[in-house]
1. Among the residues of the range 152-174, is there at least one that is closer than 25 Å to residue 9 by Cα and free of Cβ contacts under 8 Å to residues at least 12 places away in the same chain?
2. Anything in the range 131-152 that is open to solvent by less than 10 Å² (accessible area, probe 1.4 Å) and of a type in the set (Gly, Ala, Ser)? List them, or say none.
3. Between a residue in the range 132-146 that is touching a residue at least 60 places away in the same chain (Cβ under 8 Å) and under 24 Å from residue 18 (Cβ atoms) and any residue that is part of a loop (DSSP other than H, G, I, E, B) and β-branched (Val, Ile, Thr), which pairs come within a Cβ distance under 6 Å, given they are 6 or more apart or on different chains?
4. I'd like the residue in the range 272-288 that is buried (at least 19 other Cβ atoms within 10 Å of the Cβ) and part of a helix (DSSP H, G or I) and, out of all such residues, is modelled with the highest pLDDT.
5. Please find, among 263, 235, the residue that is in contact with a Lys or Arg (Cβ under 8 Å, 6 or more places away or on another chain), over 30 Å from residue 68 (Cβ atoms) and either outside any loop (DSSP other than H, G, I, E, B) or open to solvent by less than 20 Å² (accessible area, probe 1.4 Å) (or both).
6. I'm trying to understand the selection: among the residues of the range 262-304, which are among the aliphatic types (A, V, I, L, M), farther than 20 Å from residue 315 by Cα and within 26 Å of the chain's Cα centre (by Cα)?
7. When residues of the range 290-330 are filtered for being open to solvent by 30 Å² or more (accessible area, probe 1.4 Å) and assigned to a helix (DSSP H, G or I), how many remain?
Amino acid sequence: MSDLRDPAPYDALLLLSFGGPEGPDDVVPFLANVTRGRGIPEERLKEVGKHYFLFGGVSPINAQNRALLDALRKDFAEHGLDLPVYWGNRNWAPYLTDTLREMTAAGHRRIAVLATSAYASYSGCRQYRENLAESLAVLEAEGLPVPRVDKLRHYFNHPGFVAPMVDGVLASLADLPGDVRAGAHLAFTTHSIPTSAADTSGPVEAHGDGGAYVAEHLDVARLIVDAVREETGVEYPWRLVYQSRSGAPHIPWLEPDICDHLEALHADGVPAAVMAPIGFVSDHMEVLYDLDTEATAKAAELGLPVRRSATVGADPRFAAAVRELVLERAATERGQDVQRCALGALGPGHDLCPVGCCPARAPKPAAAGADSPYA
(Lines give C-alpha, C1' and ligand atoms only; values in the text may rest on other atoms or scores of the structure.)
Protein backbone atom coordinates (compact mmCIF):
# COMPACT_ATOMS: atom_id res chain seq x y z
CA MET A 1 0.00 0.00 0.00
CA SER A 2 2.85 2.42 0.69
CA ASP A 3 3.64 2.76 -3.03
CA LEU A 4 0.12 3.85 -3.94
CA ARG A 5 -0.76 7.54 -4.06
CA ASP A 6 -4.05 7.71 -5.94
CA PRO A 7 -7.09 8.49 -3.76
CA ALA A 8 -9.52 8.48 -6.70
CA PRO A 9 -12.49 8.31 -6.71
CA TYR A 10 -12.27 10.15 -3.36
CA ASP A 11 -11.75 13.89 -3.34
CA ALA A 12 -11.76 14.43 0.45
CA LEU A 13 -11.58 12.67 3.81
CA LEU A 14 -14.00 13.45 6.64
CA LEU A 15 -12.98 12.80 10.25
CA LEU A 16 -16.30 12.05 11.95
CA SER A 17 -16.35 12.15 15.74
CA PHE A 18 -18.61 12.46 18.77
CA GLY A 19 -17.85 16.02 19.83
CA GLY A 20 -17.63 17.54 23.27
CA PRO A 21 -18.07 20.81 25.20
CA GLU A 22 -15.32 23.42 25.15
CA GLY A 23 -16.38 25.33 28.27
CA PRO A 24 -18.80 25.24 31.23
CA ASP A 25 -21.60 26.95 29.29
CA ASP A 26 -21.42 24.24 26.63
CA VAL A 27 -21.92 21.24 28.93
CA VAL A 28 -25.70 21.16 29.29
CA PRO A 29 -26.43 22.07 25.63
CA PHE A 30 -23.96 19.40 24.54
CA LEU A 31 -25.60 16.75 26.72
CA ALA A 32 -29.00 17.88 25.43
CA ASN A 33 -27.73 17.11 21.92
CA VAL A 34 -26.45 13.70 23.01
CA THR A 35 -29.74 12.77 24.71
CA ARG A 36 -32.12 14.47 22.28
CA GLY A 37 -35.53 12.80 22.18
CA ARG A 38 -35.23 11.11 25.58
CA GLY A 39 -36.96 13.85 27.57
CA ILE A 40 -34.20 14.24 30.17
CA PRO A 41 -34.70 17.39 32.29
CA GLU A 42 -32.00 20.06 32.53
CA GLU A 43 -31.32 19.37 36.21
CA ARG A 44 -30.53 15.76 35.38
CA LEU A 45 -28.23 16.88 32.58
CA LYS A 46 -26.34 19.08 35.05
CA GLU A 47 -25.88 16.04 37.30
CA VAL A 48 -24.71 13.91 34.37
CA GLY A 49 -22.32 16.70 33.36
CA LYS A 50 -20.48 16.79 36.68
CA HIS A 51 -17.58 14.87 35.13
CA TYR A 52 -17.10 17.67 32.62
CA PHE A 53 -17.34 20.38 35.28
CA LEU A 54 -14.48 18.70 37.16
CA PHE A 55 -12.34 19.45 34.12
CA GLY A 56 -13.49 23.03 33.64
CA GLY A 57 -16.35 22.03 31.37
CA VAL A 58 -13.91 21.10 28.62
CA SER A 59 -13.86 17.72 26.95
CA PRO A 60 -10.40 16.73 25.73
CA ILE A 61 -11.83 15.06 22.62
CA ASN A 62 -11.86 18.20 20.49
CA ALA A 63 -8.19 19.00 21.10
CA GLN A 64 -7.37 15.36 20.41
CA ASN A 65 -9.26 15.47 17.12
CA ARG A 66 -7.37 18.61 16.14
CA ALA A 67 -4.12 16.78 16.88
CA LEU A 68 -5.28 13.84 14.77
CA LEU A 69 -6.21 16.19 11.93
CA ASP A 70 -2.71 17.67 12.06
CA ALA A 71 -1.17 14.19 12.08
CA LEU A 72 -3.27 13.08 9.10
CA ARG A 73 -2.48 16.17 7.06
CA LYS A 74 1.21 15.83 7.85
CA ASP A 75 1.28 12.15 6.91
CA PHE A 76 -0.67 12.73 3.69
CA ALA A 77 1.65 15.56 2.65
CA GLU A 78 4.79 13.57 3.43
CA HIS A 79 3.55 10.65 1.34
CA GLY A 80 2.29 12.60 -1.64
CA LEU A 81 -1.39 12.00 -0.98
CA ASP A 82 -3.27 15.04 -2.23
CA LEU A 83 -6.48 14.72 -0.24
CA PRO A 84 -7.99 17.49 1.92
CA VAL A 85 -9.11 16.47 5.41
CA TYR A 86 -12.18 17.89 7.13
CA TRP A 87 -13.70 17.37 10.58
CA GLY A 88 -17.33 17.10 11.68
CA ASN A 89 -19.02 16.00 14.93
CA ARG A 90 -22.28 14.36 15.81
CA ASN A 91 -23.04 16.39 18.93
CA TRP A 92 -21.03 19.63 18.95
CA ALA A 93 -19.26 22.11 16.71
CA PRO A 94 -18.02 21.64 14.12
CA TYR A 95 -21.33 19.93 13.40
CA LEU A 96 -21.45 17.21 10.76
CA THR A 97 -24.11 18.93 8.66
CA ASP A 98 -22.17 22.21 8.60
CA THR A 99 -18.99 20.40 7.58
CA LEU A 100 -20.72 18.47 4.79
CA ARG A 101 -22.27 21.74 3.58
CA GLU A 102 -18.79 23.29 3.53
CA MET A 103 -17.36 20.29 1.69
CA THR A 104 -20.13 20.40 -0.89
CA ALA A 105 -19.56 24.12 -1.45
CA ALA A 106 -15.88 23.36 -2.04
CA GLY A 107 -16.87 20.94 -4.80
CA HIS A 108 -16.34 17.62 -3.04
CA ARG A 109 -18.60 14.88 -4.33
CA ARG A 110 -17.03 11.59 -3.19
CA ILE A 111 -16.00 11.55 0.45
CA ALA A 112 -14.23 8.88 2.49
CA VAL A 113 -15.27 8.92 6.15
CA LEU A 114 -13.15 7.92 9.14
CA ALA A 115 -15.17 7.51 12.34
CA THR A 116 -13.35 7.76 15.66
CA SER A 117 -14.69 4.36 16.67
CA ALA A 118 -12.73 1.26 15.74
CA TYR A 119 -15.26 -1.49 16.49
CA ALA A 120 -18.65 -2.73 15.32
CA SER A 121 -21.70 -1.69 17.35
CA TYR A 122 -24.81 0.40 16.96
CA SER A 123 -23.34 3.42 18.78
CA GLY A 124 -19.89 2.92 17.25
CA CYS A 125 -20.93 2.46 13.64
CA ARG A 126 -24.56 2.48 12.56
CA GLN A 127 -25.42 5.59 14.59
CA TYR A 128 -22.67 7.46 12.74
CA ARG A 129 -24.18 6.20 9.50
CA GLU A 130 -27.60 7.42 10.60
CA ASN A 131 -26.12 10.85 11.34
CA LEU A 132 -24.58 10.91 7.88
CA ALA A 133 -27.96 10.11 6.32
CA GLU A 134 -29.66 12.85 8.38
CA SER A 135 -27.09 15.41 7.26
CA LEU A 136 -27.31 14.36 3.62
CA ALA A 137 -31.09 14.71 3.82
CA VAL A 138 -30.65 18.30 5.03
CA LEU A 139 -28.37 19.09 2.09
CA GLU A 140 -30.89 17.53 -0.27
CA ALA A 141 -33.73 19.59 1.24
CA GLU A 142 -31.62 22.73 0.79
CA GLY A 143 -31.19 21.95 -2.90
CA LEU A 144 -27.46 21.33 -2.56
CA PRO A 145 -25.56 18.57 -4.35
CA VAL A 146 -25.56 15.42 -2.24
CA PRO A 147 -22.09 13.86 -2.11
CA ARG A 148 -21.53 10.13 -1.86
CA VAL A 149 -20.01 9.16 1.49
CA ASP A 150 -18.17 5.89 2.10
CA LYS A 151 -17.28 4.95 5.67
CA LEU A 152 -13.86 3.29 5.96
CA ARG A 153 -13.85 -0.22 7.40
CA HIS A 154 -13.32 -0.98 11.07
CA TYR A 155 -9.64 -0.67 11.91
CA PHE A 156 -9.46 -2.35 15.33
CA ASN A 157 -7.01 -4.97 14.03
CA HIS A 158 -4.93 -2.78 11.72
CA PRO A 159 -1.23 -2.89 12.72
CA GLY A 160 -1.13 0.91 12.91
CA PHE A 161 -3.86 0.84 15.56
CA VAL A 162 -2.59 -2.16 17.51
CA ALA A 163 1.13 -1.31 17.68
CA PRO A 164 0.75 1.95 19.67
CA MET A 165 -1.44 0.12 22.19
CA VAL A 166 1.19 -2.60 22.60
CA ASP A 167 3.79 0.08 23.31
CA GLY A 168 1.44 1.69 25.81
CA VAL A 169 0.99 -1.54 27.75
CA LEU A 170 4.73 -2.20 27.75
CA ALA A 171 5.42 1.31 29.05
CA SER A 172 2.83 0.90 31.80
CA LEU A 173 4.29 -2.44 32.87
CA ALA A 174 7.77 -0.93 32.96
CA ASP A 175 6.44 1.90 35.16
CA LEU A 176 5.11 -0.48 37.81
CA PRO A 177 7.31 -1.15 40.86
CA GLY A 178 9.73 -3.95 40.09
CA ASP A 179 8.56 -6.15 42.93
CA VAL A 180 4.98 -6.37 41.57
CA ARG A 181 5.56 -6.14 37.82
CA ALA A 182 5.88 -9.86 37.06
CA GLY A 183 2.59 -10.62 38.80
CA ALA A 184 0.61 -7.83 37.19
CA HIS A 185 -2.78 -8.36 35.55
CA LEU A 186 -3.83 -6.73 32.27
CA ALA A 187 -7.36 -5.30 32.33
CA PHE A 188 -8.42 -4.41 28.80
CA THR A 189 -11.26 -1.91 28.99
CA THR A 190 -13.93 -0.75 26.59
CA HIS A 191 -17.26 1.01 26.78
CA SER A 192 -20.00 -1.16 28.22
CA ILE A 193 -23.12 -1.39 26.07
CA PRO A 194 -26.43 -3.22 26.61
CA THR A 195 -26.00 -6.95 26.08
CA SER A 196 -28.81 -6.82 23.53
CA ALA A 197 -26.82 -4.30 21.47
CA ALA A 198 -23.65 -6.36 21.81
CA ASP A 199 -25.41 -9.55 20.74
CA THR A 200 -26.64 -7.91 17.53
CA SER A 201 -23.42 -6.10 16.66
CA GLY A 202 -21.75 -6.77 13.35
CA PRO A 203 -23.19 -8.72 10.40
CA VAL A 204 -26.09 -11.09 11.06
CA GLU A 205 -23.83 -14.14 10.99
CA ALA A 206 -21.80 -12.67 13.88
CA HIS A 207 -24.82 -12.08 16.13
CA GLY A 208 -25.19 -13.77 19.49
CA ASP A 209 -22.94 -14.14 22.55
CA GLY A 210 -21.63 -10.58 22.46
CA GLY A 211 -21.62 -10.38 18.69
CA ALA A 212 -18.83 -8.75 16.74
CA TYR A 213 -18.32 -6.12 19.46
CA VAL A 214 -17.00 -8.54 22.05
CA ALA A 215 -15.24 -10.79 19.51
CA GLU A 216 -13.29 -7.86 18.05
CA HIS A 217 -12.16 -6.60 21.44
CA LEU A 218 -11.08 -10.09 22.50
CA ASP A 219 -9.08 -10.42 19.27
CA VAL A 220 -7.23 -7.15 19.95
CA ALA A 221 -6.58 -8.09 23.57
CA ARG A 222 -5.02 -11.40 22.47
CA LEU A 223 -2.85 -9.59 19.92
CA ILE A 224 -1.53 -7.27 22.61
CA VAL A 225 -0.96 -10.08 25.12
CA ASP A 226 0.98 -12.06 22.50
CA ALA A 227 3.10 -9.03 21.56
CA VAL A 228 3.83 -8.27 25.23
CA ARG A 229 4.88 -11.89 25.80
CA GLU A 230 7.23 -11.77 22.82
CA GLU A 231 8.80 -8.58 24.17
CA THR A 232 9.00 -9.47 27.88
CA GLY A 233 8.94 -13.25 27.98
CA VAL A 234 6.04 -13.07 30.46
CA GLU A 235 2.53 -14.43 29.83
CA TYR A 236 0.48 -11.88 31.75
CA PRO A 237 -3.02 -12.89 32.84
CA TRP A 238 -5.73 -10.70 31.36
CA ARG A 239 -9.43 -10.06 30.98
CA LEU A 240 -11.72 -7.88 28.89
CA VAL A 241 -13.69 -5.60 31.24
CA TYR A 242 -16.03 -2.67 30.81
CA GLN A 243 -16.52 0.93 31.89
CA SER A 244 -18.76 3.97 31.46
CA ARG A 245 -22.12 2.24 31.87
CA SER A 246 -24.94 4.78 31.64
CA GLY A 247 -28.15 2.78 31.28
CA ALA A 248 -31.04 1.99 33.58
CA PRO A 249 -30.12 -0.53 36.31
CA HIS A 250 -32.71 -3.11 35.18
CA ILE A 251 -31.25 -3.36 31.66
CA PRO A 252 -28.38 -5.89 31.35
CA TRP A 253 -25.10 -4.36 30.19
CA LEU A 254 -21.74 -5.98 29.50
CA GLU A 255 -19.81 -6.80 32.70
CA PRO A 256 -17.64 -6.80 34.78
CA ASP A 257 -17.15 -3.13 35.46
CA ILE A 258 -13.51 -2.07 35.83
CA CYS A 259 -13.93 -1.01 39.48
CA ASP A 260 -15.59 -4.31 40.38
CA HIS A 261 -12.79 -6.09 38.55
CA LEU A 262 -10.10 -4.25 40.51
CA GLU A 263 -11.81 -5.29 43.74
CA ALA A 264 -11.85 -8.92 42.56
CA LEU A 265 -8.16 -8.77 41.63
CA HIS A 266 -7.27 -7.38 45.03
CA ALA A 267 -9.32 -10.07 46.77
CA ASP A 268 -7.46 -12.72 44.76
CA GLY A 269 -4.08 -11.35 45.86
CA VAL A 270 -3.05 -9.90 42.51
CA PRO A 271 -0.21 -7.45 43.26
CA ALA A 272 -0.75 -4.88 40.45
CA ALA A 273 -2.72 -4.13 37.31
CA VAL A 274 -2.48 -2.26 34.03
CA MET A 275 -5.68 -0.75 32.68
CA ALA A 276 -5.51 -0.70 28.88
CA PRO A 277 -8.39 1.24 27.23
CA ILE A 278 -8.37 -0.60 23.91
CA GLY A 279 -11.94 0.43 23.11
CA PHE A 280 -11.09 4.13 22.77
CA VAL A 281 -9.17 5.97 20.07
CA SER A 282 -8.07 8.85 22.33
CA ASP A 283 -7.95 9.99 25.96
CA HIS A 284 -11.39 11.59 25.99
CA MET A 285 -13.57 12.21 29.03
CA GLU A 286 -14.56 8.60 29.68
CA VAL A 287 -10.89 7.65 29.86
CA LEU A 288 -9.88 10.64 31.99
CA TYR A 289 -12.73 10.30 34.46
CA ASP A 290 -13.75 6.64 34.51
CA LEU A 291 -10.19 5.31 34.51
CA ASP A 292 -7.79 8.07 35.57
CA THR A 293 -10.11 9.41 38.26
CA GLU A 294 -12.69 6.86 39.40
CA ALA A 295 -10.90 3.53 38.80
CA THR A 296 -7.56 4.92 39.95
CA ALA A 297 -9.19 6.13 43.18
CA LYS A 298 -10.69 2.68 43.70
CA ALA A 299 -7.25 1.10 43.23
CA ALA A 300 -5.72 3.54 45.74
CA GLU A 301 -8.45 2.68 48.23
CA LEU A 302 -7.58 -1.00 47.79
CA GLY A 303 -3.83 -0.40 47.95
CA LEU A 304 -3.50 -1.93 44.48
CA PRO A 305 -0.76 -0.41 42.29
CA VAL A 306 -2.22 0.41 38.85
CA ARG A 307 -1.11 2.11 35.68
CA ARG A 308 -3.24 3.24 32.77
CA SER A 309 -1.77 2.71 29.32
CA ALA A 310 -2.05 5.25 26.54
CA THR A 311 -4.64 5.28 23.79
CA VAL A 312 -3.60 5.59 20.15
CA GLY A 313 -4.50 9.27 19.76
CA ALA A 314 -2.52 11.03 17.05
CA ASP A 315 0.29 8.48 16.90
CA PRO A 316 2.01 8.70 13.48
CA ARG A 317 1.46 4.96 12.99
CA PHE A 318 -2.27 5.48 13.27
CA ALA A 319 -2.16 8.37 10.81
CA ALA A 320 -0.28 6.09 8.41
CA ALA A 321 -2.91 3.40 8.93
CA VAL A 322 -5.65 5.86 7.96
CA ARG A 323 -3.75 6.72 4.80
CA GLU A 324 -3.50 3.01 3.98
CA LEU A 325 -7.21 2.51 4.65
CA VAL A 326 -8.11 5.38 2.31
CA LEU A 327 -5.86 4.11 -0.47
CA GLU A 328 -7.04 0.53 0.04
CA ARG A 329 -10.67 1.56 -0.27
CA ALA A 330 -9.95 3.81 -3.24
CA ALA A 331 -8.22 1.01 -5.12
CA THR A 332 -11.08 -1.35 -4.30
CA GLU A 333 -13.60 1.18 -5.64
CA ARG A 334 -11.55 1.37 -8.84
CA GLY A 335 -11.88 -2.41 -9.22
CA GLN A 336 -8.30 -3.31 -8.28
CA ASP A 337 -7.27 -6.28 -6.17
CA VAL A 338 -5.82 -5.03 -2.91
CA GLN A 339 -4.10 -6.79 -0.03
CA ARG A 340 -6.06 -5.64 3.01
CA CYS A 341 -3.93 -5.24 6.11
CA ALA A 342 -5.21 -6.88 9.31
CA LEU A 343 -3.82 -8.80 12.27
CA GLY A 344 -5.43 -11.48 14.41
CA ALA A 345 -7.97 -14.18 13.75
CA LEU A 346 -10.85 -12.14 12.36
CA GLY A 347 -9.26 -10.65 9.26
CA PRO A 348 -10.19 -7.38 7.58
CA GLY A 349 -13.75 -6.17 7.97
CA HIS A 350 -16.29 -5.35 5.29
CA ASP A 351 -16.27 -2.09 3.33
CA LEU A 352 -20.04 -1.90 3.05
CA CYS A 353 -22.16 -2.59 6.13
CA PRO A 354 -24.64 -5.33 5.15
CA VAL A 355 -28.35 -5.28 5.86
CA GLY A 356 -28.97 -6.29 9.48
CA CYS A 357 -25.54 -5.15 10.65
CA CYS A 358 -25.75 -3.47 14.09
CA PRO A 359 -29.51 -2.92 13.73
CA ALA A 360 -31.06 0.35 14.82
CA ARG A 361 -33.09 0.72 17.98
CA ALA A 362 -35.81 2.14 15.75
CA PRO A 363 -35.76 2.04 11.95
CA LYS A 364 -33.83 5.00 10.54
CA PRO A 365 -32.10 5.59 7.21
CA ALA A 366 -28.34 5.04 7.36
CA ALA A 367 -25.80 6.09 4.75
CA ALA A 368 -22.67 4.19 3.68
CA GLY A 369 -24.25 0.73 3.87
CA ALA A 370 -26.03 -1.80 1.72
CA ASP A 371 -29.34 -0.28 2.84
CA SER A 372 -28.30 3.32 2.21
CA PRO A 373 -30.82 5.62 0.52
CA TYR A 374 -27.83 7.48 -0.95
CA ALA A 375 -25.99 5.34 -3.50
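1. Checked the range 152-174: no residue is closer than 25 Å to residue 9 by Cα and free of Cβ contacts under 8 Å to residues at least 12 places away in the same chain.
2. The answer is 133, 135.
3. 136/146
4. 287
5. Among 263, 235, only 263 is in contact with a Lys or Arg (Cβ under 8 Å, 6 or more places away or on another chain), over 30 Å from residue 68 (Cβ atoms) and either outside any loop (DSSP other than H, G, I, E, B) or open to solvent by less than 20 Å² (accessible area, probe 1.4 Å) (or both).
6. 262, 273, 274, 291, 295, 297, 299
7. Total satisfying the criteria: 12.
Matching residues to (1) closer than 18 Å to residue 273 by Cβ; (2) β-branched (Val, Ile, Thr); (3) open to solvent by 30 Å² or more (accessible area, probe 1.4 Å):
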site: 113; (1), (2), (3): no, yes, no
site: 165; (1), (2), (3): yes, no, no
site: 171; (1), (2), (3): yes, no, yes
site: 174; (1), (2), (3): yes, no, yes
site: 185; (1), (2), (3): yes, no, no
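The values are calculated or read from the model by the stated rules, or taken from the named source; none is laboratory data. Keep in mind that this is a model prediction, so the values were computed, not measured. Note: ideal-geometry Cβ built from the backbone for every residue, glycine included; neighbour counts use all protein chains shown. Note: areas computed on protein heavy atoms with side chains; ligands, DNA, RNA excluded. Shrake-Rupley method; radii C 1.70, N 1.55, O 1.52, S 1.80 Å.
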